[in-house]
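A.B. asks: Attaching a single structure in structure tokens format; questions to follow.
The values are calculated or read from the model by the stated rules, or taken from the named source; none is laboratory data. As the structure is a computational prediction, the values presented were derived from the model and not from experiment. Here the Cβ positions follow ideal geometry from the backbone for every residue, glycine too, while neighbour counts run over all protein chains shown. SASA here: full protein model, heavy atoms, side chains in, ligands and nucleic acids out. Shrake-Rupley method; radii C 1.70, N 1.55, O 1.52, S 1.80 Å.
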Amino acid sequence: MSNCAIVGINWGDEGKGRMVDLICSDYDVVVRYQGGGNAGHTVINEYGKFALHLLPSGIFHQNVVSVIGNGVALDPESLITEIEYVQEKGVALSPENLKVSCRASLLMPWHKELDCLEEQRLKDKAYGSTKQGIAPFYSDKFQKKTMLAGELLDEEKFFERVTPIMEWKNLTLEKVYGAEPFTYEKLKDWYDTYCKKLIPYLTDTDVFFDTAKESGKSILFEAQLGALRDIDFGIVPYTTSSSTIAAYAPIGAGAPAIKLDRVLGVVKAYSTCVGEGPFVCEWFGEKAERLREEGFEFGAKTGRPRRVGPLDIVATRYGVEKQGATELAVTKMDILSYMDEIPVCSKYIVNGKETDRFPFPSDLDKAEPVTEYLKGWKCDISGVREYDKLPKEARDYIEYIEKQVGCFVKYVSVGPQRDAIIIR
Ligand code: GDP
């Protein structure tokens, strides 16, 4: 049984969906293990272009079983909408190839509403949430005030247990935010419209993974966001509310005793960041606009323009360490082809001193970038499929990254299509 986790090294949007789509045909099972509908993994294949939010990116491969694990914020409305969209596009998706853990906690309709209300209350101090209810969901999960997907199977018992939770939530909606309370009718409508359709997909993942282990199946764990957004190791408070770290993958998937054999860290050839918080290497003005446009850097979920800058080596080295990456994929190399020189943020200056260690979150606003330049290659590399055929300057850039962050670059992605890849 061989296992691999595909994880983001930076702020997310590194191109993980594309890498999962590329290598998942080598695996029997692909599992999403954390996060929720706030993700936007882009996959381009024979069925079209998809921004997957909750579905594992393995869903397009007929011989792969996709699993949504217990660590995911399971929003029935978002998942059913996505399943139906993917089915309409001709993808064979059924309970045969999609399994949803009975142990996944449900993101309830009030979580999204509370997320919006809190961002409105914060006004210009808002965290830049995607308003998918993720932070209220995880808070309630840890307060043990949400429901497990498996509880949907017994409708009567479900409503017996969820009604007091709704009443408790209404206290916050009405008394803190002055909003409308939730009603039983609304909740019943949500149950009938979305939850009933989810029931056929519910699976006991204990049994599923035991059987998978016995029959020597290989598992690919698909992460959302990146190391710098991790709830424990990220740039607090500008993190997500779940663990984006590879070590959490077996737990969030539902097979905590599994050991990872490979951790493939995905790094974009330059830096991007969605939302608020320190972003030391950030570019502004014309050069930022050019890079944003060349790289189509607009959020898959929100359409928001992403903040952009050169590759941040300090942050990337930190991400590689925290993820325990055993190999890297560098994506979007083709985007840098327009540059005469390739900029990299090689160090930070904090309190007048150069450092190559990633600072404590509250010290990050004091950090200034040190920028170095490597020679650009100035030609189209999107058709290259062999490492030796890349221009020397492009190889030098890859080898510079390897040396700086201490990890082998196994994949170089030169386009969004499945085959636009160089494997070393
Ligand atoms: P994820 O959340 O980590 O899966 O990343 P996103 O899907 O948000 O962002 C990756 C975007 O870059 C998607 O639109 C991909 O199709 C695209 N992409 C991935 N790799 C490459 C590449 O090597 N070159 C180009 N031009 N686009 C890429």
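A.B. asks: Within segment 301-325, track down each residue that is hydroxyl-bearing (Ser, Thr, Tyr) and either farther than 18 Å from residue 235 by Cβ or buried (at least 23 other Cβ atoms within 10 Å of the Cβ) (or both).
C.D. replies: 302, 316
A.B. asks: Considering only segment 115-148, state which residues are of a type in the set (Lys, Arg) and at pLDDT 85 or above.
C.D. replies: 121, 141, 144, 145, listed by residue number.
A.B. asks: Please go through (1) of a type outside the set (Phe, Trp, Tyr); (2) at pLDDT 95 or above; (3) touching a helix residue (DSSP H, G or I) at 6+ places or on another chain (Cβ under 6 Å) for residue 222 and return the number of the only condition it doesn't satisfy.
C.D. replies: Here residue 222 meets the rest and fails (2).
A.B. asks: Next question. Take the residues of segment 7-31 that are among the hydrophobic types (A, V, I, L, M, F, W, C) and within 9 Å of the ligand (Cβ to nearest atom): which is nearest to residue 332 (Cα to Cα)?
C.D. replies: Per the criteria, the residue is 19.
A.B. asks: Further question on the same structure: Is it true that residue 94 is at pLDDT below 95, outside the structural domain of residue 191 (by TED's automatic domain parsing), away from the ligand (no atom under 14 Å from the Cβ) and of a type in the set (Gly, Ala, Ser)? It would help to see each step written out before you state the result.
C.D. replies: On the way: at pLDDT below 95: no; outside the structural domain of residue 191 (by TED's automatic domain parsing): yes; away from the ligand (no atom under 14 Å from the Cβ): yes; of a type in the set (Gly, Ala, Ser): yes.
Taking the combined requirement at face value, the residue does not satisfy it.
A.B. asks: Outside any helix (DSSP H, G or I) and closer than 30 Å to residue 70 by Cβ, is that true of residue 228?
C.D. replies: no
A.B. asks: Here's a follow-up. Condition first: open to solvent by 10 Å² or more (accessible area, probe 1.4 Å) and among the hydrophobic types (A, V, I, L, M, F, W, C). Now tell me which residues in segment 331-351 satisfy that.
C.D. replies: Those that are open to solvent by 10 Å² or more (accessible area, probe 1.4 Å) and among the hydrophobic types (A, V, I, L, M, F, W, C): 335, 339, 349, 350.
A.B. asks: Can you name the residue in segment 32-56 that is over 11 Å from the mean Cα position of the chain (by Cα) and not in a loop (DSSP other than H, G, I, E, B) and is also farthest from the ligand (Cβ to nearest atom) among such residues?
C.D. replies: 48
A.B. asks: Something else about it: Inside segment 308-364, counting only strands (runs of 3 or more DSSP E) that do not spill past its ends, which hold 3 or more residues that are away from the ligand (no atom under 16 Å from the Cβ)?
C.D. replies: 341-350, 353-355
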